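Written out below as structure tokens is the structure these notes cover.
The values are calculated or read from the model by the stated rules, or taken from the named source; none is laboratory data. Every value quoted in this text rests on a predicted model; they were computed, and no experiment measured them. Positions of Cβ are generated from backbone atoms using ideal geometry, with glycine treated the same way; all protein chains shown enter the neighbour counts.
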Amino acid sequence: MNTLMLPILMAAPPPDGAATGGSLIGSLLPIVAIILIFYFLIIRPQSKKRKETEKMHAGLRKGDRIVTIGGLYGTIQSVKDTTVIIKADDNVKLEFMRSAISSVITQSTSKDDDEKSGEKEEVSGSGE
């Protein structure tokens, strides 16, 4: 019978004369720990992923091979402010919002291609 009474007596409140200092800190500590766990396991990784996605959408260029959120594979033909035109097949061009692009498979080297084509135009233009 003593084994049944021991947990009850240990959980009993302290007598009136006993000091209860630190009970506020002790009761807030688990709540603070839960908030920190949520921040580091849920909120922080989600905000990082959102920033990476925004960076990817801002860096879309002509010639990038992409996948949309619907699973459509294609190549970007032109980029506008809020939309992109995707070439899905030889004669099929579709216009999608930038936010509908889930990932870039391969990035184009259109910057290098533009410089090379510009040099070729200058050479051919000066020869005439």
_Boolean, V84 is surrounded by 10 or more Cβ atoms within 10 Å (Cβ to Cβ), under 14 Å from S103 (Cβ atoms) and touching a Leu at 6+ places or on another chain (Cβ under 8 Å)_ = yes
*asked:* So, in the range 4-46, exactly how many residues are at pLDDT below 65 and among the small types (G, A, S)?
replied: 7
*Restricting the range 36-58 to residues that are closer than 20 Å to F96 by Cα and free of Cβ contacts under 8 Å to residues at least 40 places away in the same chain, which is farthest from the chain's Cα centre (by Cα)?*
A58
*So is A100 at pLDDT 90 or above and within 22 Å of the chain's Cα centre (by Cα) or not?*
yes
